[in-house]
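Report on the structure given below.
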Amino acid sequence: MSYSRFYTVSVPYSGTVSYPASESGGSKSYSGSVPVDITIEVDTDDFDASVDRCKGHVNGLTAAVAATEAAEVEAKKLSSRKIAQSILKGFFNYVGADLSQKIKELHSSVESLFFALVGHRENCLSKRGQMQDDYNRISKRYGKLFDDLDKETVSRIEQLDRPVFLFAESARGVVDRNSNTELLGLSTVSANENLRLETVLACSHVKQQAGTLLNKAEEYLMGSYILTHSVQHMLEEGLDASDILLPMLFVETAAGDGTLQSRVYGTEGTFVPHDEKAEQIILSDFLSKDRTWEDLPDEDLSRILAYINAKIQSDNLEERTLKTMLDLMNGPAIRIIKA
């Protein structure tokens with residue numbers, strides 16, 4: 001768009017004028033300013049036309065850039081979808097192929113295992129039939145054997161208690177004879193008396209068993225009382241150690257590696273320490289250097305050997321127990337702690 005500008009300025013001037021020599025000849029300086037009005041006309045039509053053309057080109061370029069950007073975004077979207085679909089398709093194809101391969105492998109292993117199970121089932125059924133046959137055969141054989149043993153046992157019981165069976169048969173004959181005669185009243189009286197006699201005998205047997213049971217209970221309670229009293233007596237404060245007398249055996253054996261193993265044993269029916277701390281206290285007392293050991297007197301040794309010999313001859317001992325007793329007899333000398 002064309003426009004004009006108006007400017008007003010003052011233009012200064014100065015100079016020197018020389019004139020010919022005369023009476024008053026020489027030079028003269030002068031100065032001043034002249035007002036000047038300037039009007040500037042600016043023609044911008046060509047520039048405006050070029051600006052309009054440039055603006056049109058910029059707008060076209062902007063539209064082209066926007067279209068290109070939209071096309072690029074759309075192309076990226078399409079390529080992303082294609083890539084994603086390709087990846088998903090490839091993943092599912094791979095997973096499907098892998099699952100199919102595993103299914104085939106598992107199917108083959110299942111079939112082989114199934115055939116193996118069928119073979120095991122046939123073997124089990126064969127073993128079961130064989131075991132049933134063996135069981136039936138063995139049960140028949142041992143059933144006959146047990147029947148023979150039962151018959152033999154009954155026969156031997158009858159032979160051992162023959163007087164009792166004869167008495168029962170004669171008593172049964174008397175009862176039957178009295179029942180078959182005209183003296184039916186006497187048979188009834190006899191049966192009543194026999195019943196009363198059997199009742200009295202049964203009551204006597206029950207009383208005897210009850211008495212035996214009470215005696216056993218009394219012995220047990222008395223032993224328990226004695227044991228409890230002994231333990232309480234030993235646990236009393238201020239009790240001298242010399243007042244406690246317990247039959248106890250201290251055994252020291254040599255192990256294969258050369259070490260010594262010590263144990264404490266008590267006789268049956270006496271107080272035997274079952275606490276580890278108490279056992280350690282007793283062991284330390286046995287192993288104390290202040291203890292003096294001496295040989296067992298010949299009289300006591302003879303009594304022990306006589307007791308062991310009597311046990312060996314009278315009791316039906318196990319082989320291990322018998323060997324231990326013989327080792328004690330033939331082993332090293334028995335020593336005791338000197339009081």
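The values are calculated or read from the model by the stated rules, or taken from the named source; none is laboratory data. Since this is a predicted model, take the numbers as computed values, not measurements. Note: ideal-geometry Cβ built from the backbone for every residue, glycine included; neighbour counts use all protein chains shown.
Okay, residues lined up against (1) closer than 30 Å to Leu221 by Cα; (2) among the small types (Gly, Ala, Ser); (3) at pLDDT 75 or above:
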| position | (1), (2), (3) |
| --- | --- |
| Asp243 | yes, no, no |
| Ile282 | yes, no, yes |
| Glu294 | no, no, yes |
| Asp315 | yes, no, no |
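For the stretch 26-52, filtering for residues that are over 17 Å from Ser4 (Cβ atoms), surrounded by 10 or more Cβ atoms within 10 Å (Cβ to Cβ) and in contact (Cβ under 8 Å) with a residue 24 or more places away in the chain leaves 0. For beta carbons closer than 8 Å, sequence separation of 6+ or different chains, a first residue in the stretch 283-299 that is over 20 Å from Met329 (Cβ atoms) and a second that is in a helix (DSSP H, G or I), the qualifying pairs are Arg291/Asp285.
Of the residues that sit in the stretch 255-280 and are in contact with a strand residue (DSSP E or B) (Cβ under 9 Å, 6 or more places away or on another chain) and at pLDDT 75 or above, which one is surrounded by the most Cβ atoms within 10 Å (Cβ to Cβ)? Selected residue: Val264.
Take the residues in the stretch 34-90 that are within 30 Å of Tyr13 (Cβ to Cβ) and of a type outside the set (S, T, N, Q); name whichever of them is farthest from the chain's Cα centre (by Cα).
Kept after step one, since they are within 30 Å of Tyr13 (Cβ to Cβ), are these residues of the stretch 34-90: 34-42.
If we keep only those that are of a type outside the set (S, T, N, Q) too, we end up with 34-38, 40-42.
Values: Val34: 121, Pro35: 119, Val36: 117, Asp37: 115, Ile38: 113, Ile40: 109, Glu41: 108, Val42: 105 Å.
Among residues in the stretch 34-90 that are within 30 Å of Tyr13 (Cβ to Cβ) and of a type outside the set (S, T, N, Q), the one farthest from the chain's Cα centre (by Cα) is Val34.
On the given criteria, is Ser10 without any contact (Cβ under 8 Å) to a residue 24 or more places away in the chain and hydroxyl-bearing (Ser, Thr, Tyr)? No: the conditions fail for Ser10.
Is it the case that some residue within the stretch 14-21 is at pLDDT 85 or above, more than 60 Å from the chain's Cα centre (by Cα) and outside any loop (DSSP other than H, G, I, E, B)?
Of the stretch 14-21, the ones at pLDDT 85 or above are none.
No: zero hits.
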